[in-house]
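A.B. asks: Here it is: the structure, laid out below.
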Amino acid sequence: MKKPRYVREDRCIACGACTEKCPGKFDDTYNADLKARTAIYVEYPQAVPLKYAINPDVCLKLTKDKCGTCETVCPADAIDYTMTEEMLTIAAGSIILAPGFKPFDPSRFDNYQYANFPNVVTSMEFERILSATGPTMGHVTTFPKLPASPKKKKDKLLAQKRKDPKKIAWFQCVGSRDINKCDNPYCSSVCCMYAVKEAIIAKEHAGNDLECSIFFMDMRTPGKEFEKYYQNAKHKHGINFIRSKVHSVTEDPETGDLTLRYVDELGQIITDTYDMIVLSVGLEISNETRDLAKKLDIDITSSGFAKTHSFEPVTTSRDGIYVSGVFNNPKDIPESVLDASAAASAAGDYLAEVRNTLTKEMQVVAETNVVGDRPNIGVFICDCGSNISGVVDCPDVTEYAATLPYVTVAEETTYACSQDAQDKMVEIIKEKGLNRIVVAACTPKTHEPLFQETLKNAGLNKYLFEMTNIRNHNSWVHKNNPDIATVKAKDLVRMAVAKAALAQPLKEEKINVNASVMVVGGGLAGMTAAKSLASQGYETHIIEKKDCLGGEALKLWKTAQGEDVQQELGALIADITSNDKIVVHTNTTLEGVEGFVGNFISQLKTDGKTTALEHGVAVLATGAKAFEPTEYSFGKDDRIIRTLDLDKMFKENDPKLDTIASAVFIQCVGSREPERPYCSRVCCTHSVDNAIALKNKNPRMDVFILYRDIRTYGERELLYKEAREKGVIFIRYDVENKPEVKVEEDCLKITLVDHVLNQPVTIHADLLTLAAALVPRKDERLANFFKVPLNDEGFFVEKHAKLGPAEFATDGVFVAGSAHYPKPVNEAITQGRAAASRALTLLAKKDNLFTSGTIASVDVQKCTACGVCVSICPYNAPSFVTEGRFEGKAGVNAVLCKGCGLCVASCRSGAIHLRGFDTNQILSQIFALDEVS
Amino acid sequence: MESKKTGSVVVIGGGISGMLSALDLANSGFYVYLVEKGPSIGGVMAQLDKTFPTNDCAM
Amino acid sequence: MADDNIKIVSFLCNWCSYGAADLAGVSRMEYPADIRVIRIPCSGRMSPKFVLSAFREGADAVWVSG
């Protein structure tokens, strides 16, 4: 069902005239209800689509048939009160569910008094308070919900109490890990990190004398680079971390200050006063989403998350329906992004046979040849509503532009970016035969592609375009000097016109993409990526240095959800080996890689024999391995083992397991240490799971887990709960005060200081399992082959920590599995699928992948073959031509060139040109600095 | 005979995850319907100020 | 107030400083209007030639940022 917007999207130009006059008001959900918005609104300034909408519940016209102001003031005639709900029926081959979550509503918790105390806010509200576009414009203040200039008497009184807080407290696990006050037994996975972030940013905004304290149960920072962030917060930013659950909060009605009572780790009751409290609210599945799940008949867990299998982590219980994001268990942005690509890949595999049946080809307008023609420039000056014309005298600038050399058309437009303005531009270009276009408006960084598209529609090469920024660089920053801003706008337009006159049509070279794939590493992630790409019809080669597929997963017993790993892994390996699109190269190492996206040539060495493999893309999935502990007497006694050794005992049903009366696990062995300052992510769940298995085997067995923080994120928390219920004893230790292990004939003696009793305890154990860190292979050779970076610890560094987690900055190279960061089975598979999905978007563009037009080219007549460009380029784009007429001269590889111009500036003979930013073009801008006198 | 599948996908939810699913599918040869209950896409991520651990702007 | 006689030519890298200048606008910061921005694809594109030309054309200062 499509809900009515009451504003015609095809007409709305987002000028904002309607909202200035609108009398209706309702809570601004974007700003977490911290302020009110008008009944006709746009969700947020950067919203897509940037079109207004009317809230029918508060609009006076729609509720009471009064007002109608917006219709009167709208310059574009976009308001339509008669719009109604429409039912649309869509035929689709598959569904991806990404309905997200709702932040937990803490109003029902009486002990924190969120509903009554104005200085108790949720983390979502605090996020808006910190934001420069939020209700307080990034200024951290108490009584944040008051309007900036209060009108009501009551508000005015409260506003006098407003101050910059000196002490802020964060309460963790509000609405998470809690079955007493709410029904959310799971961990929301993101709150620890966002609280740390909010505390750091709050200090950045409010200055260093702001005191930030985070009250927590376990600090859960198991993601990539998270542990370092947490340690920095503690040691560099001076954030206090207090391990305690606050019992109650009271308010001083005079000042609004808040007093908390809590029990510290030593058992003392502490009372302390804060100016503000932020409740770190958890993520919850809304009833709406539960209803949707019911309608679609897919299984959900008791907490409302979609049920998935660890080996098909984005597939719901129903074929063809996939799930992504928080609905598929609480997770943060990069994991949601991985889910997104993985779900796309799963849906794509399901529909592989009908791929490309419904997509439409873009209509291409034939390009007019303008080479050799006299420049015929059209200048378009944008008012941007009143954003530019409110400061700059746009008619004056337009008039001036018309007088500049080669300019035949100068037009002023209200919104150059609106659809009708674009259509008009096409019309004018065709009518007047324009061959260069200048737009003076906002920033080319966001709008250049749009105007270039318009040029293409008018049959002009898109590089015959120049944009100059008279908004961000002018009207917005000189709003109190309209005269000077107008002069500056004229200067900027003159400079742009001078440059545009020299613009040449540029060609984008087609990139040939070899349709085969190389996957390095035959573990879970690599095999998953290979299987998906093969099912889309691409020939895929798996390079595995061992003699068999499976990787580290061969050593695992079962997943956190209880699936038998060897059974599933065996099935996957069978699928891979029987797939005729997949070639498995075992006992094979990679000896060298040449080329670039679409055209790699790799040297493979199998049993001493080297062969070359041509491929278009590569997926690096080389995994990680278990750390060899150097402490806790590891290696000195066979009763001291690692997690994977215990898995082996379980797998083989080792009779020794039946003789154990007391078992101990030590967590963080080799992780969260100065040499390896990261959390290995998988060990807490793994040990908890194995502890439960031991208890199930023999309920009378004493099982202890010695830990620093238990990090069973998401619904893994339920295992932690189950373990405690089954009698597994959890004892926390400090990194400064690690357990001591003494090997004796009849038992292992493990001594540590118990935090609750605050005195040493000694445990007699028959078996000690060390939760050893997962360490990366730190394969510098491989990293060099593909020119991809490794971080300090040796994990691969992805393109973007949030938005590019399965790919590298190097085009055509992707990453999956524990080589990126330690991850359990389901997450390795998700990333394998995500890497496949990202690779597929590149392979699918086979016939229309082009280089940029703004790249360097060599004038061979001038080139002296000195080699400066070859040595200076960071992307290895220039090289000496090896054959033909110009042998020995420099040539630039169009695919590798990023168009930075370093070689152009360095060339001592002036032989290299940077298309689009050529020397004469930049000089022309400099020459146009002043009026020609 | 198996009934022929349709080469299009409905993505429900226009947050970061839904948007990226839609992009990947559209770029790999499927027709995508992105369904969002609000007036614009972007989801919760658009409300966030900064993102951890790089403190990049979420917008 | 900006002096009419002063002109600063600034060569800003498209990927960082140019974006920063955009952001200054988005944040509605105010600064003197003496600057004329020339967008370059990277500060690596800068050549001494541009600096000298700018001074020859009467620039009072040249600012390269990237």
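A.B. asks: Give the residue, chosen from A:G551, A:G522, that is over 30 Å from C:D22 (Cβ atoms), touching an Asp or Glu at 6+ places or on another chain (Cβ under 6 Å) and buried (at least 24 other Cβ atoms within 10 Å of the Cβ).
C.D. replies: Details: A:G551 fails: touching an Asp or Glu at 6+ places or on another chain (Cβ under 6 Å).
Checking each option against the conditions leaves just A:G522.
A.B. asks: Okay, next question. Select from region C:30-44 the residues that are more than 21 Å from A:R471 (Cβ to Cβ) and in contact (Cβ under 8 Å) with a residue 24 or more places away in the chain and write down the one among them that is farthest from the other protein chains (Cβ to nearest Cβ).
C.D. replies: Initial filter on region C:30-44 (more than 21 Å from A:R471 (Cβ to Cβ)): C:41-44.
Those left that are additionally in contact (Cβ under 8 Å) with a residue 24 or more places away in the chain: C:41-43.
On the way: C:P41: 5, C:C42: 4, C:S43: 9 Å.
Residue satisfying both the conditions and the ranking: C:S43.
A.B. asks: Determine which member of the set A:V813, A:V788 is within 21 Å of A:M527 (Cα to Cα) and either β-branched (V, I, T) or under 16 Å from the mean Cα position of the chain (by Cα) (or both).
C.D. replies: Details: A:V788 fails: within 21 Å of A:M527 (Cα to Cα).
Just one listed residue meets the conditions, A:V813.
A.B. asks: For A:G68, state whether it is touching a Lys or Arg at 6+ places or on another chain (Cβ under 9 Å) and either at pLDDT 85 or above or over 30 Å from A:V174 (Cα atoms) (or both). Spell out the reasoning first.
C.D. replies: Values: touching a Lys or Arg at 6+ places or on another chain (Cβ under 9 Å): yes; either at pLDDT 85 or above or over 30 Å from A:V174 (Cα atoms) (or both): yes.
Taking the combined requirement at face value, the residue satisfies it.
A.B. asks: Another one. Give the residues of region A:274-325 that are of a type in the set (A, V, I, L, M) and more than 14 Å from chain B (Cβ to nearest Cβ), sorted by residue number.
C.D. replies: First pass over region A:274-325, keeping only residues of a type in the set (A, V, I, L, M): A:276-279, A:281, A:283, A:285, A:292-293, A:296, A:298, A:300, A:306, A:314, A:321, A:323.
If the condition is that a residue be of a type in the set (A, V, I, L, M) and more than 14 Å from chain B (Cβ to nearest Cβ), then A:M276, A:I277, A:L279, A:I300 are the ones that fit.
A.B. asks: Restricting to region A:775-803, and then to whatever is open to solvent by less than 20 Å² (accessible area, probe 1.4 Å) and free of Cβ contacts under 8 Å to residues at least 40 places away in the same chain, can you tell me which residue is nearest to A:V682 (Cα to Cα)?
C.D. replies: Within region A:775-803, the match that is nearest to A:V682 (Cα to Cα) is A:G794.
A.B. asks: So how many residues does region A:269-284 have that are under 11 Å from A:D105 (Cα atoms) and touching a helix residue (DSSP H, G or I) at 6+ places or on another chain (Cβ under 7 Å)? Full working, then the answer.
C.D. replies: Of the residues in region A:269-284, the ones under 11 Å from A:D105 (Cα atoms) are A:279-284.
Imposing the further condition that a residue be touching a helix residue (DSSP H, G or I) at 6+ places or on another chain (Cβ under 7 Å) reduces the set to A:279-283.
Residues meeting the conditions: 5.
Each row is one residue, and each column tells you yes or no for (1) touching a Leu at 6+ places or on another chain (Cβ under 8 Å); (2) free of Cβ contacts under 8 Å to residues at least 40 places away in the same chain.
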position: A:C74; (1), (2): no, no
position: A:D77; (1), (2): no, no
position: A:I90; (1), (2): no, yes
position: A:A98; (1), (2): no, no
position: A:D105; (1), (2): no, no
position: A:N111; (1), (2): no, no
position: A:F117; (1), (2): yes, no
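A.B. asks: Looking only at region A:577-605, which residues are closer than 19 Å to A:G812 by Cβ, without any contact (Cβ under 8 Å) to a residue 60 or more places away in the chain and not in a strand (DSSP E or B)?
C.D. replies: Once the filter is applied, which keeps residues that are closer than 19 Å to A:G812 by Cβ, without any contact (Cβ under 8 Å) to a residue 60 or more places away in the chain and not in a strand (DSSP E or B), region A:577-605 yields nothing.
A.B. asks: Next question, about the same structure. Filter region A:91-130 for residues that are at the interface with chain B (Cβ under 7 Å from one of its Cβ atoms) and among the small types (G, A, S); which is surrounded by the fewest Cβ atoms within 10 Å (Cβ to Cβ)?
C.D. replies: Result: A:A91.
A.B. asks: If you check A:T622 against the conditions, is it polar (S, T, N, Q), closer than 23 Å to A:S818 by Cβ, modelled with pLDDT of 95 or more and out of contact with any strand residue (DSSP E or B) (no Cβ under 7 Å at 6 or more places or on another chain)?
C.D. replies: Numbers: polar (S, T, N, Q): yes; closer than 23 Å to A:S818 by Cβ: yes; modelled with pLDDT of 95 or more: yes; out of contact with any strand residue (DSSP E or B) (no Cβ under 7 Å at 6 or more places or on another chain): no.
No.
A.B. asks: When you scan region A:768-824, how many residues do you find that are of a type in the set (K, R) and not in a loop (DSSP other than H, G, I, E, B)? Steps first, please.
C.D. replies: Taking region A:768-824 and keeping what is of a type in the set (K, R), we get A:777-778, A:781, A:787, A:799, A:802, A:823.
Add one more test, that the residue is not in a loop (DSSP other than H, G, I, E, B), and what stays is A:781.
The qualifying residues number 1.
A.B. asks: Now for a different question. Which residues, taken from region A:905-917, are within 10 Å of chain C (Cβ to nearest Cβ) and surrounded by fewer than 21 Cβ atoms within 10 Å (Cβ to Cβ)? Write out each step before concluding.
C.D. replies: Initially, region A:905-917 is screened for residues within 10 Å of chain C (Cβ to nearest Cβ), giving A:905-907, A:910, A:914, A:916-917.
Listed by number, the residues that qualify are A:S906, A:G910, A:G916.
Per-residue answers, yes or no, for (1) outside any loop (DSSP other than H, G, I, E, B); (2) free of Cβ contacts under 8 Å to residues at least 24 places away in the same chain; (3) closer than 27 Å to A:T221 by Cβ:
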position	(1), (2), (3)
B:V9	yes, no, no
B:G14	no, no, no
B:A22	yes, yes, no
B:A26	yes, yes, no
B:G29	no, yes, no
B:G38	no, no, no
B:A46	yes, yes, yes
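So that you can scan it fast, the table gives a plain yes or no per residue for (1) out of contact with any His (no Cβ under 9 Å at 6 or more places or on another chain); (2) facing chain A (nearest Cβ under 7 Å); (3) more than 17 Å from A:V323 (Cα to Cα):
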{"site": "B:V11", "(1), (2), (3)": "yes, yes, no"}
{"site": "B:L25", "(1), (2), (3)": "yes, yes, no"}
{"site": "B:K37", "(1), (2), (3)": "yes, no, yes"}
{"site": "B:M45", "(1), (2), (3)": "yes, yes, yes"}
{"site": "B:L48", "(1), (2), (3)": "yes, yes, yes"}
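A.B. asks: Please tell me if A:A202 is under 29 Å from the mean Cα position of the chain (by Cα), open to solvent by 30 Å² or more (accessible area, probe 1.4 Å) and within 30 Å of A:E227 (Cα to Cα). Let's see the steps before the verdict.
C.D. replies: Numbers: under 29 Å from the mean Cα position of the chain (by Cα): yes; open to solvent by 30 Å² or more (accessible area, probe 1.4 Å): no; within 30 Å of A:E227 (Cα to Cα): yes.
Here the answer is no, as A:A202 does not meet what is asked.
A.B. asks: Return the total of residues in region C:50-63 being assigned to a loop (DSSP other than H, G, I, E, B), within 9 Å of chain A (Cβ to nearest Cβ) and either polar (S, T, N, Q) or open to solvent by 30 Å² or more (accessible area, probe 1.4 Å) (or both).
C.D. replies: Quick first cut of region C:50-63, residues assigned to a loop (DSSP other than H, G, I, E, B) only: C:57-60.
Next cut, within 9 Å of chain A (Cβ to nearest Cβ) only: C:57-59.
Subsequent filtering for residues that are either polar (S, T, N, Q) or open to solvent by 30 Å² or more (accessible area, probe 1.4 Å) (or both) retains C:57-58.
Number satisfying all stated conditions: 2.
A.B. asks: Tell me yes or no: at least one residue of region A:818-838 is free of Cβ contacts under 8 Å to residues at least 60 places away in the same chain and not polar (S, T, N, Q). Working first, answer last.
C.D. replies: Here is the first cut: in region A:818-838, the residues free of Cβ contacts under 8 Å to residues at least 60 places away in the same chain are none.
No - not one qualifying residue is present in region A:818-838.
A.B. asks: Between C:S27, C:S47, which is at the interface with chain A (Cβ under 7 Å from one of its Cβ atoms) and surrounded by fewer than 16 Cβ atoms within 10 Å (Cβ to Cβ)? Even if it seems obvious, please write down each step before you answer.
C.D. replies: Working: C:S47 fails: surrounded by fewer than 16 Cβ atoms within 10 Å (Cβ to Cβ).
After applying the criteria, what remains is C:S27.
The values are calculated or read from the model by the stated rules, or taken from the named source; none is laboratory data. Predicted, not measured: the structure shown is a model, and the values here were computed from it. Reconstructed Cβ throughout: ideal geometry from the backbone, glycine too, with neighbour counts over all protein chains shown. In case anyone asks, the SASA skips ligands and DNA or RNA and just uses the protein heavy atoms, side chains included. Shrake-Rupley method; radii C 1.70, N 1.55, O 1.52, S 1.80 Å.
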